[in-house]
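In what follows, a single structure is set out as structure tokens and then discussed.
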Amino acid sequence: MRPSLPRLVRVLPRSAIAPPEHSHPPPKIYDELPRSSRMSPPLLEVLLKEKELAGSDYPPNIRIETTVSKRTFTGVKRDLVAPLKAILKER
């Protein structure tokens, strides 16, 4: 009979293992950055700021469209959603 994994492995309950004496977490080497600085602004906001700063020098072939979420169309019949999205889309 060949030995199998369940035959060779013995599972111990957690209470059978003593916790380490130094249960302190290791010291941090670096200071954690605040969450607001870790997250970059959305691309849409960046493009709108660039458009404001450039003024009339901004290329006219670049169109910036805001995203349309499902919340925008809450309470609208399903068969009307597609035509409304087409109207909102810049051409």
| field | Net charge dipole size for the chain [Lys, Arg +1 and Asp, Glu -1 on Cβ; Debye, nearest 20] | value | 820 debye
| remark: Those GluC sites (Glu not before Pro) from the chain that are DSSP loop and have at most 10 other Cβ neighbours within 10 Å turn out to be 21, 32, 65, 90
| In a GNM of the chain with a 10 Å cut-off on Cα contacts, which of 27, 41, 60 has the highest mean-square fluctuation? | 27
| remark: Quick calc, the stretch 32-83, dipole around Cα centre from Cβ unit charges on Lys, Arg (+) and Asp, Glu (-), nearest 20 debye, gives 380 debye
| Lysine pairs meeting the criterion (Cα under 22 Å, 8 or more apart or interchain), as found in the chain | 6
| note | Here the gain from full extension of residue 64 to residue 77, 0.36 nm per residue of separation minus their alpha-carbon distance, amounts to 1.9 nm
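Which order do 64, 87 fall in if you start with the one that has the fewest other Cβ atoms within 10 Å?
Exposure proxy ranking, most exposed first: 87, 64.
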| field | Cα-based Rg / Dmax (Å) for the chain | value | 29.3, 84
| task | Quickly estimate the mean residue ellipticity at 222 nm for the chain, helices only: each DSSP H run with n ≥ 4 gives -39500 (n - 2.57), and the total goes over all residues, rounded to 500. | result | -9000 deg cm²/dmol
| message | Between residue 51 and residue 89, how high is the FRET efficiency from 1/(1 + (r/R0)^6) when r is the Cβ-Cβ distance and R₀ = 25 Å? Nearest 0.05. | response | 0.85
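Readers should treat all values here as calculations from the given coordinates under stated rules, not as data from a laboratory. Quick caveat: nothing in here was measured; it's all calculated off a predicted structure. Glycine also receives a Cβ, built like all others from the backbone with ideal geometry; neighbour counts cover every protein chain displayed.
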